[in-house]
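A short write-up of the structure that comes next.
The values are calculated or read from the model by the stated rules, or taken from the named source; none is laboratory data. If you're wondering where the values come from, they're calculated on a predicted model, not measured in any experiment. Here Cβ is always computed from backbone atoms with ideal geometry, including for glycine, and neighbour counts include all displayed protein chains. In case anyone asks, the SASA skips ligands and DNA or RNA and just uses the protein heavy atoms, side chains included. Shrake-Rupley method; radii C 1.70, N 1.55, O 1.52, S 1.80 Å.
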Amino acid sequence: MTAGVRQEPRDATRPRAPRRTRLPALLALLIGLAGVGYRLALLLADAPPTNSDEATMGLAALHIARGDGFPVWFYGQAYMGTLEAYLAAPLVALAGPSVLVLRLPTLALYALFLALSWRLTRRLGGDRWFALLVVGLLALGSDRVVKNQLIAGGGYPELNPAGVALALLTVSLCAGVPRARLPRRLATSGAAATGTAAAGVAARLARWAGWGLVSGLLLWADPLILPFVLALGAVLLGCRRRELIGRAGGVLAAGLLLGAAPMLLDSLRHGRDPLAAVLTASGADAAATWGERLYGGLVLGPPLAMGFCSPGHCAGWQLWWAPAFLMLLALATAAAWRVLRRPLPSTDLGRFPFVANDNCPRSGDDPADATERRVSAAVRLALLAGAAAVLAAYTASSAAGRTPVESARYLSVLAVAIPALLWPLWTAARRAGLWPPPAKPPHRPAHHLGEPALPELPGVRQVGEPAASDLAGARQVGEMEGVGSGAGGRMRTRAAGVVAVAVLAGMIGTGAAATAGAIGGVPAIHAEADRHRALVDTLGALGVRHVRAGYWTCNRLTFASGEDVRCAVVDDELRPGFDRLPAYRRAVDADPDAAWVAPAGSPLAARLDARLGPGPGTLRIVEVPGWRIYLPRR
């Protein structure tokens, strides 16, 4: 009976991940580096174009670096925190004020966003090929997308990485096993096990604190992310409400208060209401018809937010994503809800069902795996709910109707939900066999009944062990059931897969075309930045320290000169405008030799040209390419 039996080496019992499963991870790394490199090249070429709002954040960073002030809010308003200024302040202190220095932290935030999006896609049950797809889409960069990601104008660059981090923490906290629920034999099996358990408790409390801290920082930086915070918080409350009653709740509350401390302290000191300020600024008190709002919010909004439009406008063929987005939102929500409605499998082997139907899980389902599936589905549902709430709020605001192209930046947070939104497409492609096949699982010897398995930390795989979603034949988290085993069912599955792949190909192609359009506009942006540097140099050579100019000129000029030139805002009729820093106006009004600066060909330049002349009280002109400097005659 022993003939033909040969000894296996001991290492043969240890599963090892096939090497080919590393290919999508390597490709994702290369694509991610390409996405970061593309954005770094844009920064070195002065793209995307800067403006006075970004310069206002730069001035806050300059003041922090010098110790001249520690602003809580974007200058001139009581909302939008200055987190970007605090991130850039050390670099400004070392290298001086410049747009490139101001944007290096936002570039790092984008790189973090890519890495966290890969990890979130994997934790939500996606295999490495699906995570590669997500990273590839996020690596593309149209005009609107790179502006949201790189311009340090307040709020937008930090929202996406922080939102994904919050979703990851939610998955980790809901899928992990609290210390109180660990088996007694592991909790009391000796000093080593006790030390391991204590370290696990500390790590878990750190994740609770991290969830609260990230949420608080997000609410201070920009309340646009509030729907995602509330939806993910509801998932956390639903799966860990008992744990929240104890130390976990206290640690989370402490982290939340710490993150939101600047906003809370300022509100208490000055009686400000950031939420009311946001509603006022969003255009809630302005007029716009519902037709304009629906068109700007539901037709233009999703393509602009996803990066499918050309610089400054959306062509008709680029609007195909609007109905596709709404359909995917509905399909992904239904798929996640279906998983949540499925009951957990029984752990009693004597009553474990051997067939699967609407009320019973399939034979062989592991309770821990079923819990992971439910947690993943709940988090995906929260991300989709957050995206739907953000889109609905934006559509209801007048900003969607009055300035849809520029105001589409409010939808930048939709990128957080990309792994959940594309879920139906990935599932359909996998079921139709049109997706790259997963790796074959290594041989794993089964335990005999009654044989205790080695204890494993929850949510942690052994080195070399492939993820469940990478195993051949493994059903993915939230994957829909087959539509039938007959020829008709196979044809419908195949057709759904072809449609899914076509939509994914359309997304990649449309995004690549929009990215190419953004690249095509870089030379003009770089030339304009050179002309602005010439303006700053000319003012320095003329000894001009105080000027009057339009809003979109003033703070940009002041930041570029490191406050050597201070500017007061005027409108096209030469009347005082909106100064975010009133001290600049006082300094300009005190200088009788203050100059005027206007872009060539602007209405302000035309008004100032009428004051040119040879006599006292008139102006003389110094021309710089693209600019006109007006000096008073004495």
Determine which member of the set Ala284, Ala261 is modelled with pLDDT under 90 and either farther than 22 Å from Leu383 by Cβ or β-branched (Val, Ile, Thr) (or both). Ala284
Quick one: which residue in Gly69, Gly76 is over 29 Å from Ala115 (Cα atoms), surrounded by fewer than 20 Cβ atoms within 10 Å (Cβ to Cβ) and touching a residue at least 24 places away in the same chain (Cβ under 8 Å)? Gly76
Output the qualifying pairs, or none if there are none: Cβ atoms under 7 angstrom, residues six or more apart or on different chains, first residue in the stretch 210-227 and of a type in the set (S, T, N, Q), second residue part of a helix (DSSP H, G or I) and open to solvent by 10 Å² or more (accessible area, probe 1.4 Å). Ser215/Val229; Ser215/Leu256
Any chance you could count how many residues in the stretch 546-590 are of a type in the set (Lys, Arg) and within 17 Å of Leu535 (Cβ to Cβ)? 3
Enumerate the pairs (first residue in the stretch 104-130 and at positive phi; second residue anywhere and in a helix (DSSP H, G or I) and of a type in the set (Ser, Thr, Tyr)) with beta-carbon separation below 8 Å, excluding pairs fewer than 6 apart on the same chain, so at least 6 apart or on different chains. Gly125/Ser376; Gly125/Ser469
For the stretch 146-166, what are the residues that are open to solvent by 10 Å² or more (accessible area, probe 1.4 Å) and among the aliphatic types (A, V, I, L, M)? Ile151, Ala162, Ala165
Mind counting the residues in the stretch 118-145 that are touching a Pro at 6+ places or on another chain (Cβ under 6 Å) and either surrounded by fewer than 24 Cβ atoms within 10 Å (Cβ to Cβ) or assigned to a helix (DSSP H, G or I) (or both)? 7
Cβ-Cβ under 8 Å pairs, at least 6 apart or on other chains, the stretch 570-583 side more than 13 Å from Cys554 (Cα to Cα), far side part of a loop (DSSP other than H, G, I, E, B) and open to solvent by less than 30 Å² (accessible area, probe 1.4 Å): Asp572/Gly550; Asp572/Ser602
Anything in the stretch 390-411 that is within 30 Å of Arg374 (Cβ to Cβ) and open to solvent by less than 20 Å² (accessible area, probe 1.4 Å)? List them, or say none. Val390, Leu391, Leu411
Residue identified as open to solvent by less than 80 Å² (accessible area, probe 1.4 Å) and either polar (S, T, N, Q) or free of Cβ contacts under 8 Å to residues at least 60 places away in the same chain (or both) among Asp564, Asp591: Asp591
Members of the stretch 545-561 found to be of a type outside the set (Gly, Ala, Ser) and open to solvent by 20 Å² or more (accessible area, probe 1.4 Å), listed by number: Arg545, His546, Arg548, Tyr551, Trp552, Arg556
Restricting the stretch 282-318 to residues that are more than 28 Å from Pro48 (Cα to Cα) and not acidic (Asp, Glu), which is surrounded by the most Cβ atoms within 10 Å (Cβ to Cβ)? Ala288
Which pairs do you get when a residue that is under 10 Å from Trp208 (Cβ atoms), found in the stretch 237-255, comes within reach of a residue that is at pLDDT 90 or above and small (Gly, Ala, Ser), reach meaning Cβ atoms under 6 angstrom, with the pair 6+ apart or on two chains? Val251/Ala209; Leu252/Gly212; Gly255/Ala209; Gly255/Gly212
From the residues in the stretch 514-537 that are in contact (Cβ under 8 Å) with a residue 60 or more places away in the chain and more than 30 Å from Arg628 (Cα to Cα), which one is surrounded by the most Cβ atoms within 10 Å (Cβ to Cβ)? Ala514
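The rows are residues; the columns are (1) among the hydroxyl-bearing types (Ser, Thr, Tyr); (2) within 26 Å of Val135 (Cα to Cα); (3) open to solvent by less than 40 Å² (accessible area, probe 1.4 Å); (4) at pLDDT 95 or above.
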| residue | (1), (2), (3), (4) |
| --- | --- |
| Leu42 | no, yes, yes, yes |
| Leu59 | no, no, yes, yes |
| Gly81 | no, no, yes, no |
| Ala89 | no, no, yes, yes |
| Ala93 | no, no, no, yes |
Result of the Cβ filter at 6 Å on the stretch 27-45, keeping first residues that are touching a residue at least 60 places away in the same chain (Cβ under 8 Å) and partners that are open to solvent by 60 Å² or more (accessible area, probe 1.4 Å) and in a helix (DSSP H, G or I), at least 6 apart or interchain, is Leu43/Leu100; Ala45/His526
Any residue in the stretch 88-110 that is of a type in the set (Lys, Arg), assigned to a helix (DSSP H, G or I) and within 14 Å of the chain's Cα centre (by Cα)? no
Consider the stretch 372-389. How many of its residues are open to solvent by less than 20 Å² (accessible area, probe 1.4 Å) and either without any contact (Cβ under 8 Å) to a residue 40 or more places away in the chain or among the charged types (D, E, K, R) (or both)? 1
Where the second residue is in a helix (DSSP H, G or I) and the first is open to solvent by 60 Å² or more (accessible area, probe 1.4 Å) and lies in the stretch 319-332, which pairs have Cβ atoms under 6 Å and are six or more apart or on separate chains? Leu331/Pro424
